[in-house]
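Rule-based calculations on the coordinates, nothing more; no lab input. Note that the structure is predicted; figures quoted are calculated from it, not measured. Positions of Cβ are backbone-derived with ideal geometry, glycine not excepted, and every protein chain shown enters the neighbour counts.
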Amino acid sequence: MKKIKITEAQLGVLTNLIESSVRDRVVSKLKKELDSFYSRTMGTVKKGGEYFDKPMIQNEVSGEMITPKALFDYMCYKHKGLNKEFIETVIRDWYDGIKGNNLSKNVKM
């Protein structure tokens with residue numbers, strides 16, 4: 001096996017390439033899971049005698065409407081190794097209509 005020498009700048013570039021490809025795959029996997037099993041919807045909530053529209057998520061398998069918080073809790077339970085802020089960002093961006101695998105915030109996985 002041959003050894004090569006690289007500079008710190010080159011190591012940084014290689015590290016960014018590897019991390020970004022892993023990050024893209026994880027975002028793509030979570031997005032595909034959300035697209036397959038959930039859909040965005042609005043629910044009506046009664047509060048103080050008035051009715052308000054509230055963002056909700058419909059579980060396509062059971063037909064049940066759940067809150068974004070319930071989905072977040074489930075996704076954190078299912079994907080325990082991921083950062084909670086990362087999962088929250090993926091869910092929020094998915095709800096808003098994520099384009100590609102680019103998140104609105106740069107958060108750690």
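The string of couplings for the stretch 3-10 from the Karplus curve (6.51, -1.76, 1.60, θ = phi - 60°) is 9, 10, 10, 10, 7, 5, 5, 5 Hz, one whole number per residue in order, with x for Gly and Pro.
Dipole size of the chain about its Cα centre, with +1 on Lys/Arg Cβ and -1 on Asp/Glu Cβ: approximately 520 debye, rounded to the nearest 20.
Within the stretch 1-100, the trypsin sites (Lys or Arg not before Pro) that combine a DSSP coil assignment with at most 14 other C-beta atoms in a 10 angstrom radius are Lys2, Lys3, Lys5, Lys80, Lys99. In order along the stretch 49-54, the Karplus-derived 3J(HN,Hα) couplings, from 6.51 cos²θ - 1.76 cosθ + 1.60 at θ = phi - 60°, round to x, 10, 10, 10, 7, 9 Hz, and Gly and Pro are given as x. Residues of the stretch 66-80 falling in the label zone of Val107, defined by backbone nitrogen less than 15 Å from a point 7 Å along Cα to beta-carbon, are 68-80.
Extension gain, Ala9 to Phe37, is 5.9 nm, computed as 0.36 nm per intervening residue step minus the present C-alpha separation. Seen from every direction in turn and averaged, the convex hull around the alpha carbons of the chain projects onto 10.0 nm².
Amide H to amide H distances under 5 Å link Met56 with Thr41, Met42, Gly43, where only residues 5 or more positions off or on other chains count and H is placed in the peptide plane. Shown in residue order for the stretch 60-67 are the 3J(HN,Hα) couplings computed by the Karplus curve 6.51 cos²θ - 1.76 cosθ + 1.60 at θ = phi - 60°: 5, 6, 9, x, 7, 8, 10, 7 Hz (x for Gly and Pro).
Taking every alpha-carbon pair under 8 Å whose residues sit at least 6 apart, the chain reaches a relative contact order of 19 percent. Rounded to the nearest 500, the 222 nm mean residue ellipticity of the chain from helices alone is -17000 deg cm²/dmol, with -39,500 (n - 2.57) taken per DSSP H run of at least 4 residues. Taking amide H positions as modeled 1.01 Å from N, with prolines and chain starts lacking one, the residues under 5 Å from Tyr38 and 5 or more places away or on another chain are Glu60.
Its residue count N fixes a reference of 2.2 N^0.38 Å for the stretch 48-87, and the Cα radius of gyration divided by that reference is 1.48.
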